[in-house]
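All remarks here apply to the structure that follows.
The values are calculated or read from the model by the stated rules, or taken from the named source; none is laboratory data. Every value quoted in this text rests on a predicted model; they were computed, and no experiment measured them. Methodologically, a virtual Cβ is constructed for each residue, glycine included, from the backbone with ideal geometry; neighbour enumeration extends over all protein chains shown.
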């Protein structure tokens, strides 16, 4: 446990070593939020408007909620795993008495803590400037459900990211391309990171609910907004747990297969 | 140079395919989003579905062409950091041309033709007059001039500050604000992205012109503005070149 605490501290310091890098990343996040905020503000110019089951208050809460949830779920350092596999650096870890998964989970946690702290500051600033009416959930049971969904979302994303990165075992030069396609585009869109998924046709939504993607951002936010309740929450929890199990087993399977193929190129 | 760049990309067929598929999926997702959104809301900032789609297609057209032409900018930092830019300066080719357009991107080239056809199809649905179509073409070209100026500024900043990667990504994020009509933004943001960082002139004005929402004076002013920005960027490039220290070489 002590060594992972040390990794956490080092990782935290490392993020600060590249301050400009980090600040620019946050600036980019803010720009994306500004685009989404004004887009939805324009649609809900009239506070009485109700479209896709949202009113102005709920859609703007969705926009701000995405900023926080992205920091919690999508902030991860495990994006570097593909690079370590392709240049052979992973060998160093295989020889050390340390779990490679726990190592990256710890580094991801450091990244999440840092990004979350910054996103809270950004939200405060944006809140003061834009003065949106936000929806505050006060039901403790619902808040607890959101918390559980968030933990599951973090695990799901970790598994998805690891599986994508492990493609570098088979195509060492294209690990980052796979990440661009599956993480930056497919996961971002299908998780509700760009727009709420309930504007899509009902059949498409139904299919989407059987995949792990909506449970990363969209579902937890819907639970928070009170748009999903009762039996649907239970159904969501069961699906989320099932995906955590499937993806976790897939990670282990692909890791074992990948290691057999790994030949420490570059070492 | 472009042929070499194309050959390099064709050698990595898997990466080429993945990126192409990724770009198409992203385009399709945004397209679907606009269609479903406008089906529910009927209008966005006063524009109907076809008009909003034209803003989106025009943004993509200008963005894709500038990415196709100026991809080399994304590879400029290593040259500056390593001092390899010395070799560019010593060759009998314009250093700005080499740094700006020395490696066209084949992935974007593949998408330009269908995108142009689709843009003109969406534009034709608005039944524009010949004059408004001419304005549109002129302003799209002007948008490319402004995009060139932005990239030259980024190169100049790269020489002065050694920072390229984030500046270019922030430029991309800022231009993405033009994916939708700039009328959705409130003041002072709308003013800033129209005049200070002229994304509005670059990607929104062409679409407005074809809808007959721009006067001939507005079009002329935009062209002058584009020329001025390009002039300033060239001045900045010359200033930056004088600051180049050839470090690490």
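Looking across the stretch A:204-224 at every residue that is touching a residue at least 12 places away in the same chain (Cβ under 8 Å) and surrounded by fewer than 21 Cβ atoms within 10 Å (Cβ to Cβ), the one that is nearest to the other protein chains (Cβ to nearest Cβ) is identified as A:208.
Within the stretch A:228-258, the residues that satisfy the criterion of being more than 15 Å from residue A:155 (Cα to Cα) and without any contact (Cβ under 8 Å) to a residue 24 or more places away in the chain are A:228, A:230, A:231, A:232, A:234, A:235, A:253, A:256.
Condition (residue is modelled with pLDDT of 85 or more, surrounded by 15 or more Cβ atoms within 10 Å (Cβ to Cβ) and away from every other protein chain (no Cβ under 14 Å)) applied to the stretch B:166-177: is it met by at least one residue? There is no residue in the stretch B:166-177 that is modelled with pLDDT of 85 or more, surrounded by 15 or more Cβ atoms within 10 Å (Cβ to Cβ) and away from every other protein chain (no Cβ under 14 Å).
Kindly indicate whether any position in the stretch A:112-130 is within 14 Å of chain B (Cβ to nearest Cβ), at pLDDT below 95 and surrounded by fewer than 15 Cβ atoms within 10 Å (Cβ to Cβ). Yes, that holds for at least one residue. The single condition from (1) buried (at least 20 other Cβ atoms within 10 Å of the Cβ); (2) more than 14 Å from chain B (Cβ to nearest Cβ); (3) more than 24 Å from residue A:239 (Cα to Cα) that residue A:136 fails is (1). Scanning the stretch A:38-70 for residues that are part of a helix (DSSP H, G or I), within 23 Å of residue A:228 (Cβ to Cβ) and within 10 Å of another protein chain (Cβ to nearest Cβ) yields a count of 2.
Does the stretch B:105-119 include one or more residues that are within 13 Å of chain A (Cβ to nearest Cβ), in a helix (DSSP H, G or I) and modelled with pLDDT under 90? Show your work before the answer.
The initial filter retains those residues of the stretch B:105-119 that are within 13 Å of chain A (Cβ to nearest Cβ), namely B:107.
Checking the rest, the ones that are also in a helix (DSSP H, G or I) come to B:107.
Filter once more, keeping what is modelled with pLDDT under 90: B:107.
Yes, because at least one residue in the stretch B:105-119 is within 13 Å of chain A (Cβ to nearest Cβ), in a helix (DSSP H, G or I) and modelled with pLDDT under 90.
Going through A:33, A:7, A:85 one at a time, which residue ends up being more than 14 Å from chain B (Cβ to nearest Cβ) and surrounded by fewer than 21 Cβ atoms within 10 Å (Cβ to Cβ)? Only one candidate passes the filter, namely A:7.
Number of residues in the stretch B:22-47 that are touching a residue at least 12 places away in the same chain (Cβ under 8 Å), over 22 Å from the mean Cα position of the chain (by Cα) and more than 7 Å from chain A (Cβ to nearest Cβ) equals 4.
Restricting attention to the stretch A:168-203, which residues are over 30 Å from residue A:256 (Cβ atoms), more than 9 Å from chain B (Cβ to nearest Cβ) and either out of contact with any helix residue (DSSP H, G or I) (no Cβ under 8 Å at 6 or more places or on another chain) or part of a helix (DSSP H, G or I) (or both)? Selection gives A:197, A:198, A:202, A:203.
Of the numbered criteria (1) over 21 Å from the mean Cα position of the chain (by Cα); (2) more than 30 Å from residue A:91 (Cβ to Cβ); (3) in a loop (DSSP other than H, G, I, E, B), the one residue A:264 fails is (2).
Among the residues of the stretch B:195-210, those identified as surrounded by fewer than 18 Cβ atoms within 10 Å (Cβ to Cβ) and either more than 14 Å from chain A (Cβ to nearest Cβ) or in a helix (DSSP H, G or I) (or both) are B:195, B:196.
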